[in-house]
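Notes for the one structure printed next.
The values are calculated or read from the model by the stated rules, or taken from the named source; none is laboratory data. Since we're looking at a predicted model, the values are computed, not measured. In this analysis, Cβ positions are derived from the backbone assuming ideal geometry, glycine residues included, and neighbour counts consider all displayed protein chains.
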């Protein structure tokens, strides 16, 4: 088993934090191999951001994702730039609040209203996204992501992120019937 994820968007959207949580969940709580890399613009917020995660049950020899199985886009610029890279049969996840998409014949596209599910809150949106991914792509369990969130966030941030985790999982549980 090997899964290649690319999280993309702009700085400040939690792209890199989401990738770190996914990699930690796979490594520490699922006993898998994981590697995470990131690229972001010189701006702290508003510049482009990309984070790659590879999860495998064997050795990982190259840390960069060239053809993702899963692409998550949180900005139009990221979607326009990376959606053509997805492997045939791969998955592209977008939120219509951020991205206006067009259908690529070689990938399966899921449009999830994560911004709405998280009640417009930016805090925890990245965790909401991870919960949705764990339901769509069973590479890492929701329980492992839950534990990684508990470990990463202190106090009031932990509670907000755990609530977002529940919202993302519920959204996909409701939406999957329509896909």
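Points to keep in mind about this one:
- Taken over segment 10-19, the criterion of being surrounded by 22 or more Cβ atoms within 10 Å (Cβ to Cβ) and touching a strand residue (DSSP E or B) at 6+ places or on another chain (Cβ under 6 Å) is satisfied by 15, 18, 19.
- Taken across segment 80-91, residues that are touching a helix residue (DSSP H, G or I) at 6+ places or on another chain (Cβ under 6 Å) and within 27 Å of residue 166 (Cα to Cα) do not occur at all.
- Meets criteria (touching a residue at least 24 places away in the same chain (Cβ under 8 Å), within 19 Å of residue 131 (Cα to Cα) and under 12 Å from the mean Cα position of the chain (by Cα)) for residue 16: yes
- The residue list 46, 9 contains one member that is at pLDDT below 90, under 25 Å from residue 84 (Cβ atoms) and outside any strand (DSSP E or B), which is 46.
- Within segment 20-40, the residues that satisfy the criterion of being more than 14 Å from the chain's Cα centre (by Cα) and in a helix (DSSP H, G or I) are 27, 28, 29.
- Looking across segment 51-102, the residues that are part of a strand (DSSP E or B) and crowded, with 22+ Cβ neighbours inside 10 Å come down to 51, 53, 54, 55, 70, 71, 72, 73, 92, 93, 94.
- Cross-chain or 6+ apart pairs with Cβ under 7 Å, segment 71-86 first and without any contact (Cβ under 8 Å) to a residue 12 or more places away in the chain, then surrounded by fewer than 22 Cβ atoms within 10 Å (Cβ to Cβ) and not in a strand (DSSP E or B): none
- Residue identified as crowded, with 19+ Cβ neighbours inside 10 Å, under 19 Å from residue 129 (Cα atoms) and in contact with a helix residue (DSSP H, G or I) (Cβ under 8 Å, 6 or more places away or on another chain) among 3, 36: 36
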